[in-house]
Every structure is written in structure tokens, then in C-alpha cells.
Amino acid sequence: MASTRQRVAARAIDLLVAFLMVLAAVSPVYAVVLLSDGSSSAATAWAAAPLVITGMAGPPLLRVGGIVRWGCTLGQRVAGIRVVREEDGTRAPGWRRSFRRYVLPRSASPVPLISDPWVYRKDDRLRQCLHDRRAGTVVVRAQAPPAPKETGGLAALGSPSPAGLPDHVHRWEARERKRRIALGSSLGVLGAAVLSAPFAAVLMTGPSAVSGPAFEVETFYDDATRFENRFGGRSETYERTAAEVLDDEEGCLAGATSEQARAVLRRTGCEGRIEIAFRTTDGVLVSSHVLKFHDRASAAGAQRLLRHTDLRFVPGGRVDPPGGALIGQVGTRDRYVVATTAVSARRPEAAAKAKNAFLLIHVPTLNVILWL
């Protein structure tokens with residue numbers, strides 16, 4: 001019969017496998033929720049439902065199906081034990097017995113998943129737990145299959161010293177030991193990798209892994225000084241003319257054009273600001289700010305209260321369009337607020353040129369934050 005050590009080891013490994021399966025199903029759901037900014041909760045629920053069902057149904061199906069197909073779960077295979085029918089002690093249970101064994105109570109204890117490896121000791125005859133007795137199954141040590149017919153078959157098992165039987169058993173045990181070690185090592189490495197991944201990410205990337213992406217100009221805008229943006233069938237060529245990172249509260253407040261705007265930034269907890277300026281080939285001037293906040297709610301609150309003219313025009317001080325067109329907007333993604341303003345001198349189609357220059361800086365910046 002299977003020992004306590006084998007039963008406990010099998011249970012621990014099966015719980016680890018179930019956890020990994022649920023984690024594999026839940027992780028995409030978490031990603032969908034994070035990236036569904038603005039999506040309806042109903043759409044997110046429909047997208048997540050199949051993954052959640054898979055994660056919940058996967059462990060039971062793997063456990064029951066493994067016993068039907070091989071007579072053991074993954075944990076039982078590594079521990080070297082099998083589940084067999086009570087009447088003959090050799091054949092694996094079918095679907096009906098395996099399912100009954102899974103759903104029936106394991107013991108009278110309130111924590112059967114932990115206590116049942118010890119409950120079996122109360123049965124002196126077959127060492128069965130409550131669910132084994134009701135399903136008609138027994139948990140035994142894995143044994144070599146009967147010897148081939150040329151060595152006497154099942155009859156040879158009763159002979160005192162059959163020639164070739166020890167070799168047959170030893171060969172099977174050696175193969176089985178290697179397979180158990182390989183399977184157990186694979187599950188151990190997979191479990192260690194999954195469980196240690198969050199801690200490794202923090203250690204390797206430092207505080208930025210928790211607080212968000214690096215607060216640098218190149219994180220949010222194109223790295224090149226001169227570049228072309230394309231979006232929605234539009235295109236525009238820009239030249240970066242100024243850029244500065246002010247990664248503290250004082251730097252955040254320094255960009256406000258009024259005391260009212262500074263009060264909003266203080267109240268919502270602005271933690272830093274990037275200011276940057278561009279000039280298009282048509283001469284349109286674009287000023288953009290990225291404001292960093294502690295969390296998404298603070299950023300959303302600041303976005304509702306701020307206007308794009310509440311932040312200084314870069315370079316320069318107050319917004320002073322040279323007799324042409326002005327357009328701007330304040331948007332938010334995650335814990336960041338982006339305020340962009342474009343001004344054009346008096347010229348034909350000044351409004352259209354200013355709008356194009358504004359959109360092709362403001363929208364790509366928000367989309368970059370979405371995927372950070």
C-alpha cells in the first residue's frame with residue numbers, strides 16, 4: 001500500500017499543478033482588464049469567461065482523466081503510487097469510479113485535502129480513505145507489470161526464483177525512476193519559475209517595476225530629434241526643440257500658469273512633469289506635458305479639472321498664438337495626464353494645420369502609455 005510520505009508528496013504536487021493551471025488561465029484575464037481602459041465591464045466579462053471556466057475546470061479534468069488513463073495523477077506518478085480497482089488491485093478505475101472518487105467527501109475532517117493522507121491509517125485492511133471505500137478504489141505503490149509470457153506470465157510471479165523476473169522488475173524500476181525524476185524536476189522548475197517571477201522582476205528592474213515606466217522623455221516620445229508620426233491616415237514631420245524632465249512636485253507645480261492650476265496639482269498629488277516642445281515643417285509650434293500621479297484615480301481627477309492652457313506653453317511662458325489658430329486637449333492614461341497644445345501663425349488653413357500637428361503628438365503619446 002502507498003505510504004504516508006508518498007500520499008503527502010502526491011497531494012502537494014497536485015495542488016501545485018492546479019495552482020499553475022488556474023494562474024495560467026487568470027493571467028490573460030488580468031491583462032485584458034489592464035488593457036481594456038474604457039471598455040465596458042460586460043465586454044470584459046465575455047472575454048474573460050472562457051478563460052475562467054478553463055482555469056476552474058482544468059484541474060478536476062486533469063486529475064480525473066489522469067486516473068482513468070494512467071491510474072494516477074501527475075503528483076501520484078512522481079510519488080510512485082497508483083489508484084486501482086478494489087476487486088482486482090491491478091486495473092485503473094474507469095470514468096465513473098474516478099469521478100465518484102473526486103467528488104465524494106474524503107473524510108469527516110473540515111480540512112480533508114490536508115488530513116486525508118493520515119485518515120487512511122484507520123483502515124487496517126486496505127488503507128482506504130472514505131472516498132476510496134465509496135468509490136471502490138485502493139491506493140497502492142506502483143509495481144512492475146507482469147512478466148512476459150515467455151518467462152511464465154502471472155504464474156511466474158508465484159515461483160520461488162524465476163529466471164529473468166528480477167531483471168524484468170529491475171529494468172522497469174530503473175525506467176520508472178528516471179521518468180519520475182524527469183517529471184518531478186520539470187514540475188519543480190516550472191513551479192519555481194512561476195512563483196519567483198514577481199520577486200525576480202522587482203529585484204532585476206528595481207523600484208521602477210513597481211512605480212511604473214521610467215519617467216524620461218524617450219519613454220513617451222520618439223527618441224529621434226527629427227521624426228515623422230503617422231496615425232489614422234494623417235502624417236506630420238516634427239523637430240524637437242526643447243525637452244526637460246522635472247521629476248518632483250516642485251517641477252510639476254512650476255508648469256502651472258495660475259494659482260488655481262497649482263492648487264489642482266497639489267490636491268491631486270502630482271509627482272513629476274515632463275515638458276517638451278516641437279516645431280513642424282509648416283511652422284506649427286506644439287507644446288506637450290506629461291504629468292505623473294500616484295494612481296489612476298488621482299490622474300483622472302486632475303484631468304477633469306485641468307485645461308490645456310493651465311500649463312505653460314513650451315518654450316516660453318503664457319500661451320500667445322501669433323494671430324493664427326490654437327487647439328489643445330488634456331487626456332489621461334493609467335496614472336499619467338497628457339496636456340498638449342498646438343498654435344499656428346496666421347496663414348491659409350491654419351486651423352487644419354494646428355489640429356493635425358496636435359493630434360499626431362497627443363494621440364500617439366496616450367497610446368504609448370497604454371502599452372507601457
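None of the figures in this text is laboratory data; all of them are computed from the coordinates on show. These numbers come from a predicted model, not from an experiment. FYI the Cβ positions are ideal-geometry reconstructions off the backbone, even for glycines, and counts take in every protein chain you see.
Excluding same-chain neighbours fewer than eight residues apart, the aspartates and glutamates reachable from K355 by a Cα-Cα span under 14 Å are E236, D282.
Here the Karplus relation 6.51 cos²θ - 1.76 cosθ + 1.60, evaluated at θ = phi - 60°, turns the backbone of region 240-251 into coupling constants of 6, 10, 7, 7, 8, 10, 10, 8, 7, 5, 4, x Hz, with x for every Gly and Pro. Whole-Hz Karplus values for region 348-361 come out as x, 6, 4, 5, 5, 5, 5, 5, 5, 5, 5, 4, 7, 10 Hz, taken residue by residue from phi with 6.51 cos²θ - 1.76 cosθ + 1.60 and θ = phi - 60°; glycine and proline positions read x.
What is the list of residues in region 253-279 whose amide nitrogen lies under 19 Å from a point 7 angstrom out from the Cα of T219, following Cα to Cβ? So the set is 253-255, 269-277.
Would region 212-362 count as rounded, prolate or oblate if I go by the C-alpha gyration tensor, calling it rounded below 1.5 in a/c and otherwise prolate when a/b exceeds b/c, oblate otherwise? Could you put the intermediate results ahead of the total?
On the way: a/c = 1.88, a/b = 1.48, b/c = 1.27.
Prolate, since a/c reaches 1.5 and a/b exceeds b/c.
Residue by residue, region 274-286 carries 3J(HN,Hα) couplings of 10, 10, 8, 10, 9, 10, 8, 5, 8, x, 6, 9, 10 Hz when phi is fed to the Karplus relation 6.51 cos²θ - 1.76 cosθ + 1.60 (θ = phi - 60°); x denotes Gly or Pro.
How long is the gain from A193 to E239 if the chain were fully straight, where each residue apart is worth 0.36 nm and the alpha carbon distance is subtracted?
Values: separation 46, 0.36 × 46 = 16.56 nm, distance 4.49 nm.
Between A193 and E239, full extension yields 12.1 nm more.
Amide H to amide H distances under 5 Å link T332 with V338, where only residues 5 or more positions off or on other chains count and H is placed in the peptide plane.
Distance between the pseudo-spin-label points of R279 and T4 (7 Å out from Cα toward the beta carbon): 8.3 nm.
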